[in-house]
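A.B. asks: Quick one: the structure is below, questions incoming.
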Amino acid sequence: MYQSIQEIKNALSGRVRIRKDGVDMLEGITFQERLIDSLVYSAVFNDDPEVKNACEWIIWETGIELGVYAASISELYKAKGKGEIPHKTIPAINIRSLTYDTARALIRSAKRNHTGAFILEIARSEIDYTLQSPSEYATVIIAAAIAERYQGPIFLQGDHFQIKQDKYKKDPQKELSSLKQLIKKSVDAGFYNIDIDTSTMVDMDQPTVLAQQENNIRLTAEILSYIRGIEPIGITISIGGEIGEIGGTNSTEEELREYIKGLQGELESGLAGISKISIQTGTVHGGIPLSDGTLAQVRLDFDTLSRLSHIAIEEFGLAGAVQHGASTLPIDTFHKFPDTNTAEIHLATQFQNILYEMLPMGLKDEIYEYLQENFGEERKEGQSEEQFIYKVRKKGLGPFKQKIWDLHAGVRTSIGNKFEEQFDIIFEKLRVTNTMDMVRKTIKPVLVHKHNPMG
């Protein structure tokens, strides 16, 4: 780990020339094979904010030099909304832990499968319990791409950037301000794809669908307008909306139409709207654990998904519907998503499950003991030990982030290889293999340079 900015400069000497407004790459092989590991580790775990900021800046700027840059998927989704890119479903992967190794595994799979259409995301709630800020997450993903010698756009996405209903009812302006601050930090970090989730504000007690969606529409419009005001020059951030909270009742055609028409009416003339629409079709985030720790079978309504995706594309020119909570579905059903022309699916829990399955027993026991001591009050009546641990174990990832990162190289390699196999299958099932050329043709580079914190 680098302990000072001067130590960083010494390590980069002869390999990277630091300029006021960027860097020049003098010798890339050593940088990609060795130095990037130390830089990203220091960016994540160094206690000195000046060193962290310097490492983040170097990784961002060297990424640009080496052909790795953050981008918006908006133009690709526009093409999909016009029917030019049918029957491909973009996987959006939430990485909660072992982020560097997991992202490297994904990039290796993407390179081998010539896949350019993938998203790496983190939800507002995940930022808290995984202890990964937007700038840290972006830095680690860009570093992983550099280490694997990837070239092309990286789509970083803020997932479920959500208005929390209870906090909004207590103090609307405070909750809105908090979300806007998060969005600003995320956009500054390179998140040029944001999923607004104000579906928490849908009021099903209202007599009409439009009235039920009114708060959702109004808040989405306000947040979307804010995002348009802070997006970098030359970039149109891809923004998603949501009409049905995951875990609730299935979405309807009327809800989708009323929400999109209402949103279009709320937005200022000429302002770009949403790219896609998240709906509810029967899934639950994390799956439903049974008493023995296994997961209950989820019945996903592919008919609803197909009808609503078709309406979103044909009537409104969107990329289609988005399916959350898909990672605990059987992998042999994944081909149905492109069959229904689903725009995007979000995958998180299954990778967390694989990680826990492959953690050394001693570390796993240490995490579970921590969970019992700190979250025991969350255990519900009648819940088995396995159900309780399954529900709360995501909260152990942040406090044990460094111990998991510091696992023996052999253990990390095994986990990475398992993830890589999963990504191979996902890319193939969702029909995004051989999309690298399509993505590079559709997404034109807009390179955003950041302020040099190194003096």
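A.B. asks: Out of all the residues in region 368-386, is one or more crowded, with 19+ Cβ neighbours inside 10 Å, hydroxyl-bearing (Ser, Thr, Tyr) and not assigned by TED's automatic domain parsing to the domain that holds TYR150?
C.D. replies: No, because not a single residue in region 368-386 is crowded, with 19+ Cβ neighbours inside 10 Å, hydroxyl-bearing (Ser, Thr, Tyr) and not assigned by TED's automatic domain parsing to the domain that holds TYR150.
A.B. asks: Can you tell me which residues in region 374-432 are in contact with a helix residue (DSSP H, G or I) (Cβ under 8 Å, 6 or more places away or on another chain) and among the small types (Gly, Ala, Ser)?
C.D. replies: Within region 374-432, GLY396, GLY398, SER414, GLY416 qualify.
A.B. asks: Can you find a residue that is touching a residue at least 24 places away in the same chain (Cβ under 8 Å), over 21 Å from GLY158 (Cβ atoms) and not basic (Lys, Arg) anywhere in region 231-243?
C.D. replies: No, region 231-243 contains no residue that is touching a residue at least 24 places away in the same chain (Cβ under 8 Å), over 21 Å from GLY158 (Cβ atoms) and not basic (Lys, Arg).
A.B. asks: Would you say ASP205 is over 30 Å from ARG440 (Cα atoms) and not in a helix (DSSP H, G or I)?
C.D. replies: yes
A.B. asks: How many residues are surrounded by fewer than 19 Cβ atoms within 10 Å (Cβ to Cβ), aliphatic (A, V, I, L, M) and within 20 Å of the chain's Cα centre (by Cα) if we restrict to region 409-429?
C.D. replies: Qualifying residue count for the region: 1.
A.B. asks: I would also like to ask the following. List pairs: first in region 103-117 and under 10 Å from GLU420 (Cα atoms) and in the same structural domain as ALA348 (by TED's automatic domain parsing), second in a loop (DSSP other than H, G, I, E, B) and not β-branched (Val, Ile, Thr), Cβ under 8 Å, 6+ apart or cross-chain?
C.D. replies: Listed by first residue and then by second, the contacts come to ARG104/GLU148; LEU106/PHE118; ILE107/GLU148; ILE107/TYR150; ARG108/GLU148; ALA110/GLY116; ALA110/PHE118; ALA110/TYR150.
A.B. asks: Can you find a residue in region 257-276 that is closer than 20 Å to ILE119 by Cβ, among the β-branched types (Val, Ile, Thr), modelled with pLDDT of 95 or more and out of contact with any Pro (no Cβ under 7 Å at 6 or more places or on another chain)?
C.D. replies: Looking through region 257-276, at least one residue is closer than 20 Å to ILE119 by Cβ, among the β-branched types (Val, Ile, Thr), modelled with pLDDT of 95 or more and out of contact with any Pro (no Cβ under 7 Å at 6 or more places or on another chain).
A.B. asks: Can you say whether ILE227 is among the β-branched types (Val, Ile, Thr), in a helix (DSSP H, G or I), surrounded by fewer than 19 Cβ atoms within 10 Å (Cβ to Cβ) and at pLDDT 95 or above, as far as the supplied structure shows?
C.D. replies: no
A.B. asks: Please find, within region 235-280, the residue that is nearest to GLU344 (Cα to Cα) out of those that are part of a strand (DSSP E or B) and among the charged types (D, E, K, R).
C.D. replies: Among them, the one singled out is LYS276.
A.B. asks: Follow-up question, since we're still on this one. In region 430-443, what count of residues is obtained for those that are crowded, with 18+ Cβ neighbours inside 10 Å and either in a helix (DSSP H, G or I) or of a type in the set (A, V, I, L, M, F, W, C) (or both)?
C.D. replies: Going through region 430-443 one residue at a time, the tally reaches 7.
A.B. asks: Additional query: Out of all the residues in region 46-75, which are touching a strand residue (DSSP E or B) at 6+ places or on another chain (Cβ under 8 Å) and among the hydrophobic types (A, V, I, L, M, F, W, C)?
C.D. replies: Residues satisfying the conditions are ILE58, ILE64, LEU66, VAL68, ALA70, ALA71, ILE73.
The values are calculated or read from the model by the stated rules, or taken from the named source; none is laboratory data. Here the structure is a predicted model, which is why all the values come from computation and not from measurement. We place every Cβ from the backbone using ideal geometry, glycine too, and count neighbours over all the protein chains shown.
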